[in-house]
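Chemist: Take a look at the following structure, please.
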Amino acid sequence: MAKKGGSKIEAMQEANEKLLHKLCGQGDFLWSRLRCMIVLEAFECVASCEGCLQLVAAGREKKVKTFADVLAIEHSFHADLQENWKTNIGILVHIFANLQHVLKKEWYFEAADVLWNALIEAKELPEGEFIDVVAAAVGVRAYHRASGRPMPKLPELADNQPPLFSRVREICSSGLHWDAEIAWGPRFEGKDVNLDVYKKLGLERNETMAGMSAGQSPNSKWELALTTAYTWFHWSFVAYPPNSNITKISGWNQKISRADMESVASAYTTGIHCVF
């Protein structure tokens, strides 16, 4: 947490540093080197890849029909990304970072197949953590881009750290649970989450954190990568005001603040059951 009396900017800077340290460190199911590459590619591609910008323009006109359209276009990648990752992992980073507005159910499952095969080839699993890392990195990138602040440097990678877990059932005894009527991706059943894992890792599963497992919660898709989700969840307490603030917005004849707008957006997203 930021020092008492510190500014919002200082609080966000500290929260961003903690989140990046986790994103580039030991993963839940992915090795740290791949996580660092994902973060770096997400930083570089947001609103800058020419191929993605073409797809964004085409998407606004509803001309992007298939997942093959995304794979066929020429994307620009960061120089440090491994050559054999550019045609699969690299493109998927670009999809989740730049093209969510044209993402649809069929694409989601096609992308999952591409990622599954890529991670098997790289001897890494699973795909849920991949999306968590991209989404969290884009959040940090968006904050700095919107505020005009220089991008933070990524933490130094001392060595390639192995993941904390090898099987999902180490975290949740019932494995993955799908709610096909409201979401594309899986979640955990809260009652089956292994609390000993939380205790062993020094994490607290309080009432708010436990609420991530609820099927109607957009945050439930984060929990599959447990420690990544935990760090992101606490970052979000700094980045966003609580939904309860929606009832405290000023009267209609007054201007509303950026925080008020964030409350509206957050409450609306939760209300419509965000599905990705």
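Values quoted throughout were computed directly from the atomic coordinates according to the rules given, and no laboratory measurement underlies them. Treat the numbers as computed from the prediction; the structure is a model and nothing was measured. Using ideal geometry, Cβ is built from the backbone for each residue, glycine included, and neighbour counts are taken over all protein chains shown.
Chemist: Between Arg33 and Glu61, 0.36 nm times their residue separation minus their Cα-Cα distance comes to what?
Modeler: 6.3 nm
Chemist: Would you mind counting up the charge near His234? Only other residues with Cβ under 15 Å from its Cβ, with Lys and Arg at +1 and Asp and Glu at -1.
Modeler: Taking every other residue near His234 into account, the sum is -3.
Chemist: Straight-line reach from Lys8: which lysines fall under 29 Å, measuring Cα to Cα and dropping same-chain residues less than 8 apart?
Modeler: Cross-link targets: Lys18, Lys22, Lys153, Lys221, Lys248, Lys255.
Chemist: Moving on to the next point. What does the charge count near Ser48 come to, summing +1 for each Lys or Arg and -1 for each Asp or Glu among other residues with Cβ under 15 Å from its Cβ?
Modeler: -2
Chemist: On to the next question. If you wrap the stretch 8-239's Cα atoms in a convex hull and average its projection over all directions, what's the area in nm²?
Modeler: Its Cα hull, projected and averaged over all orientations, spans 12.9 nm².
Chemist: Quickly work out the Ala146-to-Thr87 label distance, labels modelled 7 Å from Cα along the C-beta direction, and quote it in nm with one decimal.
Modeler: Taking the simple label geometry, Thr87 and Ala146 are separated by 3.8 nm.
Chemist: Relative contact order of the stretch 63-153, please, whole-number percent, based on alpha carbon pairs below 8 angstrom and at least 6 residues apart.
Modeler: Computed over the stretch 63-153, the figure is 25 percent.
Chemist: What ranking of Leu195, Leu226, Leu40, Leu19 emerges when the number of other C-beta atoms within 10 Å of each C-beta is taken as an exposure proxy, fewest first?
Modeler: Ranked by crowding around the Cβ, least crowded first: Leu195, Leu40, Leu19, Leu226.
Chemist: Full extension from Lys18 to Asn206: what is 0.36 nm times the residue separation minus their Cα-Cα distance, to one decimal in nm?
Modeler: Full-extension gain reported as 65.7 nm.
Chemist: Can you tally the net charge around Val197? Count Lys and Arg as +1, Asp and Glu as -1, for every other residue whose Cβ sits under 14 Å from the Cβ of Val197.
Modeler: Around Val197, the surrounding residues sum to -1.
Chemist: So how far, in whole Å, is the C-alpha centre of the stretch 206-240 from the one of the stretch 67-81?
Modeler: Cα centres, the stretch 206-240 to the stretch 67-81: 30 Å.
Chemist: Can you give the relative contact order of the stretch 8-239 as a percent, counting alpha carbon pairs under 8 Å and 6+ residues apart?
Modeler: 28 percent
Chemist: Sticking with the crude label model, points 7 Å out along Cα→Cβ, report the distance from Ser76 to Trp116 in nm, one decimal please.
Modeler: Between Ser76 and Trp116, the simple spin-label model gives 3.4 nm.
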